[in-house]
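Report on one structure; see the data block that follows.
The values are calculated or read from the model by the stated rules, or taken from the named source; none is laboratory data. Only a predicted model underlies this, so the values are computations on that prediction, with no experimental measurement involved. Neighbour counts run over all protein chains shown; Cβ positions are idealised from the backbone, glycine included. Calculation scope for accessible area: heavy atoms of the full protein, side chains included, ligands and nucleic acids excluded. Shrake-Rupley method; radii C 1.70, N 1.55, O 1.52, S 1.80 Å.
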Amino acid sequence: MAHRLMPWWYGYLLINPFRKYWHNTNQLLENYLKPGMRVVDYGCAMGYFSLHMARIVGTSGKIYAFDIQPQMIERVRKRAANAGLSAQIDARLVTDTNAIFQDLNGQIDFELLFAVAHEVRDQVALFEELFRMLKPGGLLLFAEPAGHVSKPEFNQSVALAESFGFIPAEQLKIRSSNAVLFRK
């Protein structure tokens, strides 16, 4: 699959308040999250999902927000501070090394990979790290934009995830997306 990185400034469009009519965070996440959970938002951009998830998991939970663009990480940190959620959101810049993930091995309850896998150069390493971080029985919600990522490309990513041990639990209906919920 071709690597197609979204420009960092596009993140401002993703946090537009009107997005809730397209991707309602409550409807997408309420069945999977609860207070105290440890959650990964991989490809967090400016924190559209991260901030909402932090409110759900509360002060006893933690959101690990990952992105490859420093501008995105800077913005999610600022938004978390402005919302009083800095203690719940640990925003980390993804680099060529996987050292930023090591402290999370087997610690994560839920992972969100929403419209980002097609931007990752090495999906093998991506799914390997996501699998390693997830607790047994943990969930990965994986979605790609249907108009941007073809169904065969999506299916290729699903097969790759399965090769690491992710088990499809449910096909999800998310507006303008191909989506699946995996279980470890």
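For the reader, a short list of remarks on this structure follows.
- Summed over the stretch 157-176, residues that are more than 19 Å from Gly43 (Cα to Cα) and either assigned to a helix (DSSP H, G or I) or of a type in the set (Val, Ile, Thr) (or both) total 4.
- Residue match in the stretch 73-80 (condition: open to solvent by less than 50 Å² (accessible area, probe 1.4 Å) and within 24 Å of Phe154 (Cα to Cα)): no
- A search for C-beta distances below 7 Å between a residue of the stretch 69-89 that is more than 11 Å from Leu51 (Cβ to Cβ) and any residue that is of a type in the set (S, T, N, Q) and not in a helix (DSSP H, G or I), counting only pairs 6+ apart in sequence or on different chains, returns Ala87/Thr59.
- Of residues in the stretch 1-51 being of a type in the set (Lys, Arg) and within 24 Å of Gly147 (Cβ to Cβ), the one modelled with the highest pLDDT: Lys20
- Positions within the stretch 101-136 being over 13 Å from the mean Cα position of the chain (by Cα), outside any helix (DSSP H, G or I) and modelled with pLDDT of 95 or more, in sequence order: Asn105, Gly106, Gln107, Lys135, Pro136
- Of residues in the stretch 120-134 being in contact (Cβ under 8 Å) with a residue 12 or more places away in the chain and loosely packed, with under 15 Cβ neighbours inside 10 Å, the one nearest to Val180 (Cα to Cα): Val124
- Members of the stretch 44-56 found to be touching a strand residue (DSSP E or B) at 6+ places or on another chain (Cβ under 6 Å) and either in contact (Cβ under 8 Å) with a residue 60 or more places away in the chain or β-branched (Val, Ile, Thr) (or both), listed by number: Phe49
- Looking across Ala83, Ala87, Ala146, one residue alone is surrounded by fewer than 21 Cβ atoms within 10 Å (Cβ to Cβ) and either touching a Leu at 6+ places or on another chain (Cβ under 7 Å) or aromatic (Phe, Trp, Tyr) (or both). It is Ala83.
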